Structures are given as structure tokens and as C-alpha cells.
Amino acid sequence: MEIKLLSNDTEKIWDKLIQQSPFCRFSETTNFKNVLKETYYYKPNYLLIKNQGQIIALLPAVRKNKKLISMPFADYGDLIIINPIVSPAEIVQALKNFLQEKNINYLKIISGLNIQSSSLQKHFQKQPNDSRAVLILDKDPDSLFKKFDYSVRKAIKKSESANLKCSQNNSPEAIKNHFYPLYLKSMKRFGTPPHSLDYFLNKLKCFSNDLKLYLVTKDGLVVAALMGFTCGKNIHITKNPSLKKFWNCRPNDLAHWEFIKWGCEHGYTSFDFGPVRYENQKRYKEKWGAKIQNNYIFYLYPENSRLRQGYGGQAKPSKQNLTTHNLGFKFISFIWKYFIPISLAQHLGPIIRKRLAR
């Protein structure tokens, strides 16, 4: 068995195999690799795991210092089994050997759906991550609409009666002039460092038709936006900035419904609402009929690593990372929210993002 870095002449094969996976997400494609490379100058380590020359597994990852991360700035990374002609234990052992040879301290995989659904996970250390919410789509959007909670149907009708309009606009001008200003304000409200404008423009350039942007307007003013990506038969939404003063008109509900309806009409089978980080978010997504599912971060270490075991069976690197639930993160978030002006946040945010790889 051997592990090779992805080369330019095998990128099309990689993407074809990714698209065929039922768990595929945009963050596992070579397009996302190119976004990270062009925006943050990260070194991609997209790994082809082969047995007797035949591809048996894929691991999209980025090397940052002595860590291998799958994937930075994304809700998902994964170790994707393409052909189970060898045992999961053999694949994992090959990865451990690779980490040892390349002097990598550990591999971190964020929410690996293929790992969770297979016997692979018993070979990894894991820690709980934010849950995720996924809605199974129907070929008939009207039939799906009737299954939504009454409050969702009422919110959509309210947005329409408030004369809100929603349309898809996947252009650089829409990202620069409408989406990004809303995004900066939302990140300020959340107390979170923003990505740069180039990050989103590079996403549009690299993903092209796989990126979808919905804009909601009221009397010509853009009051909400919803960005998402298609991969295989899956839709995954990632950003939903909006103007707080218009929330009562329910623009976010309208944007979600238009995207869901489009997905039904174009043959997609799932609509991934993304992470569930707090109770109100959980209730909101459940009202759409989304199923809440557990998520984990998986760690793998070289055979002789001293980092393999942390306290209480938890992966040691997790102790070094800020999470949205600890006091350190909450303090930084408070400072960012109330003391950092948007003009400064726009410049500092990408620097912090690059350093943290999150």
C-alpha cells in the first residue's frame, strides 16, 4: 500500500470520485484546495491511498506546521473509502506510517461522515463536535412545504406579504457589493473575525456553478443573503448574513425556502443546514424537518507519538484549541464584538483566521 500526494493530472479523477460519494461536501473537492491555496497560501496535502496501483481511499487535507487538518474553514473533512479491498485497519496503519515519515504530529479530521458511518471510527480518537442538521429533500417542493412546521410556513408567507423578493445572483458584483458588507456586519455582531473578500471571490472563481448565492431585497435594498454549495446530490449552506432591523419580515426564511425549492426542482436529495451550536438554532432547523445528527472531530497519531493520549481519553490537541464554549473564546469574542471597528476587523480577521486555520 502506498500514499501519494495528488498531482495536477489526477485532479479530475479525484473530483469524480468525490462526487460519487453519498457523503460528499464541497470542502473535499480540489476546488476548495485551490481556494485555500490562493487565499491563505496553505500547502494542500490531498492524499491518494493506493493498493497495487488502485485508488482505495482519499484524504483531503492541508498541512499547517506539524499538523494535517481535514479541512480548515469547513464544516467537513473526511477519509473517504473508494474501494474496500483492504481492511480499515490497514488503511489507518498506512496513514500512521505516513504521519511518521513526514514528521507530522497528528491528523485532525473535522466531522468525517464516511468515518462515522463505517468501522473506521474505532481506529481514531474522537471528541464531540457541534451537531449538524440535514433535511431530506422531496422531488415535489410543494409536498415538502406542507411537512414544514406551521411556524415556518407562516414565516415564509409573512416574508412574501412584506414584499420581500428573493433571487439567485452568483456574480462577483453580488458578492462584493451585497453579500460581503452584510457578512462583515454579521461577523461583528457574532464577535467573530471575518474572512477576506478575496476568500469569497476565490470561491466563486474556483467553484463557478457549484456556488449559489441567494439575495433577499426589500424595496431594492438587500437585507439578507444565503450562500451554499452543491456537491453530488447534496446542498450545503455556509453563510446567512442579514440586517437585524429586517428580521421581523423573515428574510432568512424566504432565502432558505427558495434554495430548498431550487434543490428539489433540480434533483438534489439533501439540504445540509450546517452546524447546530445552540438550542434556538436547533429548534429553528428542526422546524424545517431537518434531522439533528451527532458530529465528531477525529484524531490520528503516528505510531510512536507522545501526543496520542490526553486526559480522560480525549485527544490532547483539543486542549490547545479554542472552542465556542470555553471562557477564552468568549472573552476574545466579547472584545471583537464591542471594541474592534469593522474597518479594522476586515484587515485583522483574515490574519487571525489564517493563523488559527478555523
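The values are calculated or read from the model by the stated rules, or taken from the named source; none is laboratory data. Just so you know, these numbers come straight off a predicted model, no measurement behind them. Don't worry about glycine lacking a Cβ; one is built from the backbone with ideal geometry, like all the others, and counts go over all protein chains shown. These area figures cover heavy atoms from the full protein model, side chains too; ligands, DNA and RNA do not enter into them. Shrake-Rupley method; radii C 1.70, N 1.55, O 1.52, S 1.80 Å.
Tabulated data
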quantity	calculated
Selection count where residues are touching a residue at least 60 places away in the same chain (Cβ under 8 Å) and in a strand (DSSP E or B), scope segment 44-97	5
Residue in segment 242-252 that is charged (D, E, K, R) and touching a residue at least 60 places away in the same chain (Cβ under 8 Å) present	yes
Ile115, sole failed condition from (1) touching a residue at least 60 places away in the same chain (Cβ under 8 Å); (2) among the hydrophobic types (A, V, I, L, M, F, W, C); (3) within 21 Å of Phe32 (Cα to Cα); (4) part of a strand (DSSP E or B)	(4)
Within segment 98-112, tally of residues that are outside any loop (DSSP other than H, G, I, E, B) and in contact (Cβ under 8 Å) with a residue 60 or more places away in the chain	8
Any hit, segment 319-327, residues being under 19 Å from Asn129 (Cβ atoms) and at pLDDT 95 or above	no
Qualifying residues in segment 240-280 (those that are over 28 Å from Asn177 (Cα atoms) and in contact with a strand residue (DSSP E or B) (Cβ under 8 Å, 6 or more places away or on another chain)) - the one most open to solvent (accessible area, probe 1.4 Å)	Arg277
Per-region count, segment 220-239, residues of a type outside the set (A, V, I, L, M), without any contact (Cβ under 8 Å) to a residue 40 or more places away in the chain and surrounded by fewer than 24 Cβ atoms within 10 Å (Cβ to Cβ)	1
Tally, over segment 8-55, of residues that are modelled with pLDDT under 95 and in contact with a Leu (Cβ under 6 Å, 6 or more places away or on another chain)	2
Condition met for Asn129 (assigned to a helix (DSSP H, G or I), within 30 Å of Phe259 (Cβ to Cβ) and either under 19 Å from the mean Cα position of the chain (by Cα) or of a type in the set (D, E, K, R) (or both))	no
